[in-house]
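Q: Take a look at this one; I'll ask things after.
The values are calculated or read from the model by the stated rules, or taken from the named source; none is laboratory data. Since this is a predicted model, take the numbers as computed values, not measurements. Because the Cβ atoms are built from the backbone with ideal geometry, glycine has one as well, and the counts that use them run over all protein chains shown.
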Amino acid sequence: MFVELLVLLLTVAVVWDYLVGRKHSKYFDKAGIKGPFRWPVVGNAPMMLKETPKTVFDLQWRLIQTHGKNIRFQILQDRGLMTADPKMIEAIMSSQQTIQKNNLYGLLVNWLGDGLLLSKGKKWFRRRKIITPAFHFKILEQFVEVFDQQSAIMVKNLYDRADGKTVINMFPVACLCALDIIAETAMGVKVNAQLQPNFPYVQSVTTASAMLAERFTNPAQRLDVFMRLFFSSAFAELNANIKTMQDFTNGVISERRDLLQKSMADGTYEASNAASQDDVGQKRRMALLDVLLQSTVDGAPLSNEDIREEVDTFMFEGHDTTTSSIAFTCYLLARHPEVQARVFQEVRDVLGDDKNAPVNTQQLGELKYLECVIKESLRLFPSVPIIGRHIVEDTVLDGKLIPGNTDVMILIYHAQRDPDHFPEPHKFVPERFSSERKGEINSFSYTPFSAGPRNCIGQKFAMLEMKSTISKMVRHFELLPQGEDVQLVLNIILRSTTGINVGIKPRVY
């Protein structure tokens with residue numbers, strides 16, 4: 001009897017899986033989109049059992065080589081499409097119908113709420129419109145001063161290890177610097193992460209980011225109910241760290257709102273000032289928080305919760321991504337001395353020989369070769385190697401009818417190493433991005449900041465920050481190829497299991 005019942009249940013499950021998935025199968029077959037063998041009910045899940053975050057990139061390469069640049073997949077009852085095809089990427093990123101993030105991003109809701117990264121529809125459009133002025137060039141000009149000051153602290157802290165032999169993992173070094181930068185530019189407060197790495201807010205950002213990365217890559221931790229049942233202590237620790245961050249952010253918002261209301265009451269308020277005077281007559285920079293406090297939706301100001309969602313989103317997005325890029329660029333410069341020498345010469349030509357002289361936006365704009373180096377580093381090591389989207393309803397993309405309720409994984413890492421678009425794709429060649437070769441690169445084969453309506457709103461901010469920080473490193477130190485080579489691992493952002501290592505020694509000139 002038991003065997004008969006088991007056979008009946010399996011039969012029902014297989015038939016149900018077939019009926020639920022036949023629309024996807026029909027559409028994908030008609031579009032010529034292939035994929036690996038799928039088991040009934042569980043799909044491709046068995047194939048994933050032997051994979052880890054360290055091996056996923058290799059798996060995706062194998063799938064591309066076997067099935068093409070558009071690949072269908074099924075994990076349990078989630079049916080989707082992986083793509084490294086620039087034409088398909090263009091169709092997805094350019095469409096207003098495909099801007100919704102996929103379900104994995106829901107793991108960030110407890111921390112980020114429904115901010116710009118996760119929101120959709122009318123709310124996303126309104127928030128995007130509100131936040132865009134925060135990246136006006138006049139405000140970015142002020143931020144360059146913050147970039148310069150914080151990167152100066154970073155290099156000062158490195159001098160005691162600048163013996164040319166000590167292996168330095170650049171990821172945690174850059175991370176603390178990026179945290180100081182984003183806290184001051186997003187919230188207008190100094191958290192002094194580089195001087196006080198044990199400050200509770202700094203520790204909570206670091207801990208929560210690492211724990212969320214683990215949830216992204218570990219299917220057993222995806223659902224909150226599983227976390228409560230099987231990882232209760234980790235779940236409690238994550239929530240405690242999120243509360244610490246949100247309490248800190250709420251406190252800053254309340255304080256800044258009180259100051260805003262006071263200035264409006266006493267007549268000293270000036271809307272959307274790029275910079276104003278504080279109580280002792282010193283210039284106070286406009287932070288993202290100030291833009292949000294002065295914004296309205298349908299005539300009503302944003303609530304503290306609305307503002308916290310956006311500030312927390314920028315704290316999350318604005319430190320790990322630039323950290324990854326700064327660290328990998330230093331790693332590549334250390335291992336390509338001819339490129340580093342050219343960068344150093346450009347830095348001297350533009351910024352002069354005073355290592356401690358401050359830089360400005362115009363000077364950073366003149367570092368054209370350094371910009372090519374950063375772009376090539378982002379090609380090889382994109383901070384966000386995969387972007388997820390969700391197709392809600394049947395949509396034609398690149399001439400192919402894709403069924404609704406389809407999860408999409410845009411394989412940025414693989415698209416940017418495609419030999420069809422990048423000759424010798426694994427070589428570090430900054431000249432690919434020179435003005436002389438402008439137009440040679442398909443704009444959707446290279447999307448480290450995404451593209452289309454949902455592109456990265458802070459990409460100009462990020463480029464200025466990376467230029468400032470990396471040029472500061474090169475002014476002070478010669479970067480040396482010390483330590484293990486990187487071993488990439490799929491995470492929320494791109495990381496290395498072996499560290500992102502360099503050696504340094506002081507420059508004398």
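Q: Restricting to segment 299-327, and then to whatever is hydrophobic (A, V, I, L, M, F, W, C) and more than 23 Å from GLU465 (Cα to Cα), can you tell me which residue is surrounded by the fewest Cβ atoms within 10 Å (Cβ to Cβ)? Don't jump to the end; show me each part of the working.
A: In the first step, residues of segment 299-327 are kept if they are hydrophobic (A, V, I, L, M, F, W, C); the result is 300, 302, 307, 311, 314-316, 326-327.
If we keep only those that are more than 23 Å from GLU465 (Cα to Cα) as well, we get 300, 302, 307.
On the way: ALA300: 7, LEU302: 20, ILE307: 24.
Here the answer is ALA300.
Q: I would also like to ask the following. Determine which member of the set GLY35, GLY68, GLY43 is among the small types (Gly, Ala, Ser) and in contact with a helix residue (DSSP H, G or I) (Cβ under 6 Å, 6 or more places away or on another chain).
A: Numbers: GLY68 fails: in contact with a helix residue (DSSP H, G or I) (Cβ under 6 Å, 6 or more places away or on another chain); GLY43 fails: in contact with a helix residue (DSSP H, G or I) (Cβ under 6 Å, 6 or more places away or on another chain).
On inspection, the qualifying residue turns out to be GLY35.
Q: Ok, one more. How many residues, within segment 136-166, are among the hydroxyl-bearing types (Ser, Thr, Tyr) and under 19 Å from LEU179 (Cα atoms)?
A: Looking only at that region, the number is 1.
Yes/no matrix, rows are residues, columns are (1) in contact with a Phe, Trp or Tyr (Cβ under 8 Å, 6 or more places away or on another chain); (2) assigned to a loop (DSSP other than H, G, I, E, B):
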{"site": "VAL408", "(1), (2)": "no, no"}
{"site": "TYR413", "(1), (2)": "yes, no"}
{"site": "GLU440", "(1), (2)": "no, yes"}
{"site": "SER450", "(1), (2)": "no, yes"}
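Q: Find the residue count for segment 7-45, including only residues that are at pLDDT 85 or above, of a type in the set (D, E, K, R) and surrounded by 11 or more Cβ atoms within 10 Å (Cβ to Cβ).
A: Residues meeting the conditions: 5.
Q: Check whether at least one residue in segment 394-407 is at pLDDT below 95 and either closer than 15 Å to THR321 by Cβ or aliphatic (A, V, I, L, M) (or both), and report yes or no.
A: The answer is no, given that none of the residues of segment 394-407 is at pLDDT below 95 and either closer than 15 Å to THR321 by Cβ or aliphatic (A, V, I, L, M) (or both).
Q: Kindly check whether there is at least one residue in segment 362-381 that is among the aromatic types (Phe, Trp, Tyr), modelled with pLDDT of 95 or more, surrounded by fewer than 22 Cβ atoms within 10 Å (Cβ to Cβ) and closer than 29 Å to ILE139 by Cβ.
A: Checking segment 362-381: at least one residue is among the aromatic types (Phe, Trp, Tyr), modelled with pLDDT of 95 or more, surrounded by fewer than 22 Cβ atoms within 10 Å (Cβ to Cβ) and closer than 29 Å to ILE139 by Cβ.
Q: With the condition being more than 28 Å from TRP124 (Cα to Cα), I'd like the helices (runs of 4 or more DSSP H) fully within segment 37-110 carrying at least 2 qualifying residues.
A: 45-48, 56-67
Q: Of THR217, THR206, which residue is modelled with pLDDT under 90, in contact with a Pro (Cβ under 8 Å, 6 or more places away or on another chain) and surrounded by fewer than 20 Cβ atoms within 10 Å (Cβ to Cβ)?
A: Only one candidate passes the filter, namely THR217.
Q: Can you name every residue in segment 351-380 that is in contact (Cβ under 8 Å) with a residue 12 or more places away in the chain and either among the β-branched types (Val, Ile, Thr) or not in a helix (DSSP H, G or I) (or both)? Working first, answer last.
A: Applying the first criterion (in contact (Cβ under 8 Å) with a residue 12 or more places away in the chain) to segment 351-380 yields 351, 353, 355-356, 358-361, 363-364, 366-380.
If the condition is that a residue be in contact (Cβ under 8 Å) with a residue 12 or more places away in the chain and either among the β-branched types (Val, Ile, Thr) or not in a helix (DSSP H, G or I) (or both), then ASP353, LYS355, ASN356, PRO358, VAL359, ASN360, THR361, GLU366, LEU367, VAL373, ILE374 are the ones that fit.
Q: Could I ask something else about it? State the number of residues belonging to segment 212-260 that are within 25 Å of PHE199 (Cα to Cα), under 23 Å from the mean Cα position of the chain (by Cα) and of a type in the set (A, V, I, L, M).
A: 5
Q: Another one. Which of the residues belonging to segment 17-46 are more than 20 Å from GLY399 (Cα to Cα) and either touching a His at 6+ places or on another chain (Cβ under 8 Å) or touching a residue at least 12 places away in the same chain (Cβ under 8 Å) (or both)?
A: Within segment 17-46, ASP17, TYR18, VAL20, GLY21, PRO36, ARG38, PRO40, VAL41, VAL42, GLY43, ASN44, ALA45 qualify.
Q: Another question, if that's okay. Scan segment 435-458 residue by residue and report those that are exposed (fewer than 15 other Cβ atoms within 10 Å of the Cβ) and touching a helix residue (DSSP H, G or I) at 6+ places or on another chain (Cβ under 9 Å).
A: Once the filter is applied, which keeps residues that are exposed (fewer than 15 other Cβ atoms within 10 Å of the Cβ) and touching a helix residue (DSSP H, G or I) at 6+ places or on another chain (Cβ under 9 Å), segment 435-458 yields SER435, ARG437, GLU440, SER443, PRO453, ASN455.
Q: Within 29 Å of PRO200 (Cβ to Cβ), modelled with pLDDT under 95, aliphatic (A, V, I, L, M) and touching a Gly at 6+ places or on another chain (Cβ under 9 Å): is that true of MET286 in this structure?
A: Details: within 29 Å of PRO200 (Cβ to Cβ): yes; modelled with pLDDT under 95: yes; aliphatic (A, V, I, L, M): yes; touching a Gly at 6+ places or on another chain (Cβ under 9 Å): yes.
So MET286 passes the test.
Q: Same structure, new question: Which is closer than 30 Å to PRO133 by Cα, over 20 Å from the mean Cα position of the chain (by Cα) and buried (at least 16 other Cβ atoms within 10 Å of the Cβ), of VAL155, VAL189?
A: Sole residue among the options that is closer than 30 Å to PRO133 by Cα, over 20 Å from the mean Cα position of the chain (by Cα) and buried (at least 16 other Cβ atoms within 10 Å of the Cβ): VAL189.
Q: For segment 412-429, which positions are among the β-branched types (Val, Ile, Thr) and more than 19 Å from ASN70 (Cβ to Cβ)?
A: Within segment 412-429, VAL429 is the sole residue that qualifies.
Q: So VAL146 ticks every box in (1) in contact with a Ser or Thr (Cβ under 7 Å, 6 or more places away or on another chain); (2) buried (at least 19 other Cβ atoms within 10 Å of the Cβ); (3) over 19 Å from GLN196 (Cα atoms) but one. Which box is left unticked?
A: Only one criterion in (1) in contact with a Ser or Thr (Cβ under 7 Å, 6 or more places away or on another chain); (2) buried (at least 19 other Cβ atoms within 10 Å of the Cβ); (3) over 19 Å from GLN196 (Cα atoms) is unmet by VAL146, namely (3).
Q: Among the listed residues GLY499, GLY452, GLY503, identify the single one that is at pLDDT below 95 and of a type in the set (Gly, Ala, Ser). Show your work before the answer.
A: Numbers: GLY499 fails: at pLDDT below 95; GLY503 fails: at pLDDT below 95.
When all the criteria are applied, what remains is GLY452.
Q: How many residues are surrounded by 14 or more Cβ atoms within 10 Å (Cβ to Cβ) and touching a strand residue (DSSP E or B) at 6+ places or on another chain (Cβ under 8 Å) when one looks only at segment 98-138?
A: 9
Q: In this structure, does VAL189 turn out to be assigned to a helix (DSSP H, G or I) and either over 23 Å from LYS355 (Cβ atoms) or touching a residue at least 40 places away in the same chain (Cβ under 8 Å) (or both)?
A: No; evaluated as a whole, the condition is false for this residue.
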